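Working notes, beginning with the structure itself.
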Amino acid sequence: MKVIKKTHQMQIISDKLRMQGKTIGFVPTMGALHQAHIELIKRARKQNDIVIVSIFVNPLQFGPKEDYNKYPRPIKQDLKICRNEKVDYVFYPPVDEMYPKDGNLTFVEVTKLEDILCGKYRSGHFRGVATVVSKLFNIVKPHNAYFGEKDYQQLKIIERMVNDLNFDVKIIPVPTVRDIDGLAYSSRNLYLSDKERSVASSLYKSLVFCKELIQQKKYTLKQCIQKSKKYLDTLLSSVEHKIQYFEIYDNDLNPVPQNLKEIPSGKRIRIFVAVFIGNTRLIDNIEVTV
Ligand code: PAF
């Protein structure tokens, strides 16, 4: 496994691999790798000749009051995981290799899709994500790129960006990977105290609760959401917490009718939740077939 720190060197390597007819699978990450990243890497390993993982904590996607400086950076452990998973190249650039010293002047914005859910509360976040992912695609030149469904809005934004800007990359969604109690794996789980961690699976439990209410078809979506938020508040009552949003969209992130009878049977919709547990912001989502 080779660790590449220079963008130009990565581009030359990818060009050569493409000329040799090799397929490149790419897993973009911010490091602090966990089981969900490993799942992305395994999928990439199965479907491509060459696997490239990037590790880059992207300053552009953090707000001024967010956790850029304290974001975990266990690089030795990350490289060990990549080696175990038979990754071929880790692209690990320093910030000044990715962004000019006088700041970035060019940005990628996927309008509309970034105005809802997390985008509403994390101004500029998805602009930072779309910008860095398009840069990474130009540097790594992958055939296939792997994104987890836990960050479903991110996945949809990247799919739309690839479509709108004609990137020659196939985006492969990978289902959310959960710990034994249902908590979705996230690098931010590391911030939770033992007490907070012991109730963190409440997000998933409240999503499943809401899914069951929807499938009973007895309530409007608004009522399902109200009941699920109340349930979540109760589950989290032993820790400081704040529900940021609990919302429902269809799988393309379009709004869905309040009256469940107006949704065609068999349509797949998604429930999304974001919660602060202490200072840690966690998100999750699940699909429901109506
Ligand atoms: O999901 C992430 O870890 C990041 O948002 C990504 C896609 C690597 C871009 O920095």
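Residue by residue, here is whether (1) over 15 Å from residue 187 (Cα atoms); (2) polar (S, T, N, Q); (3) out of contact with any strand residue (DSSP E or B) (no Cβ under 6 Å at 6 or more places or on another chain) holds:
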{"position": "5", "(1), (2), (3)": "yes, no, yes"}
{"position": "8", "(1), (2), (3)": "yes, no, yes"}
{"position": "17", "(1), (2), (3)": "yes, no, no"}
{"position": "25", "(1), (2), (3)": "yes, no, no"}
{"position": "31", "(1), (2), (3)": "no, no, no"}
{"position": "37", "(1), (2), (3)": "no, no, no"}
{"position": "46", "(1), (2), (3)": "yes, no, yes"}
{"position": "52", "(1), (2), (3)": "yes, no, no"}
{"position": "58", "(1), (2), (3)": "no, yes, yes"}
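Restricted to the stretch 244-255, and to residues there that are surrounded by fewer than 17 Cβ atoms within 10 Å (Cβ to Cβ) and without any contact (Cβ under 8 Å) to a residue 60 or more places away in the chain, the residue that is farthest from residue 173 (Cα to Cα) is 255. Only residues that are closer than 24 Å to residue 216 by Cα and either over 25 Å from the mean Cα position of the chain (by Cα) or not in a strand (DSSP E or B) (or both) were counted in the stretch 234-281, giving 18. Scanning the stretch 42-66 for residues that are touching a Ser or Thr at 6+ places or on another chain (Cβ under 9 Å) and either within 12 Å of the ligand (Cβ to nearest atom) or modelled with pLDDT under 95 (or both) gives 53, 54, 55, 56, 58, 60, 61.
Considering the stretch 106-119, the residues that are part of a helix (DSSP H, G or I) and either under 16 Å from the mean Cα position of the chain (by Cα) or crowded, with 18+ Cβ neighbours inside 10 Å (or both) include one that is nearest to the ligand (Cβ to nearest atom), namely 118. One residue alone among 128, 148 is within 11 Å of the ligand (Cβ to nearest atom), over 12 Å from the mean Cα position of the chain (by Cα) and closer than 22 Å to residue 273 by Cα, and that residue is 128. Exactly one residue among 275, 239 is open to solvent by less than 40 Å² (accessible area, probe 1.4 Å), touching a Gly at 6+ places or on another chain (Cβ under 7 Å) and within 20 Å of residue 184 (Cα to Cα), and that residue is 239. Read through the list (1) closer than 20 Å to residue 14 by Cα; (2) open to solvent by 30 Å² or more (accessible area, probe 1.4 Å); (3) away from the ligand (no atom under 16 Å from the Cβ); (4) not β-branched (Val, Ile, Thr), then give the number of the only condition that residue 92 fails. It is condition (3) that residue 92 fails.
The values are calculated or read from the model by the stated rules, or taken from the named source; none is laboratory data. This is a predicted model, so every value here is computed, not measured. Reconstructed Cβ throughout: ideal geometry from the backbone, glycine too, with neighbour counts over all protein chains shown. Note: accessible area is taken over every heavy atom of the protein model, side chains too, but ligands, DNA and RNA are not part of it. Shrake-Rupley method; radii C 1.70, N 1.55, O 1.52, S 1.80 Å.
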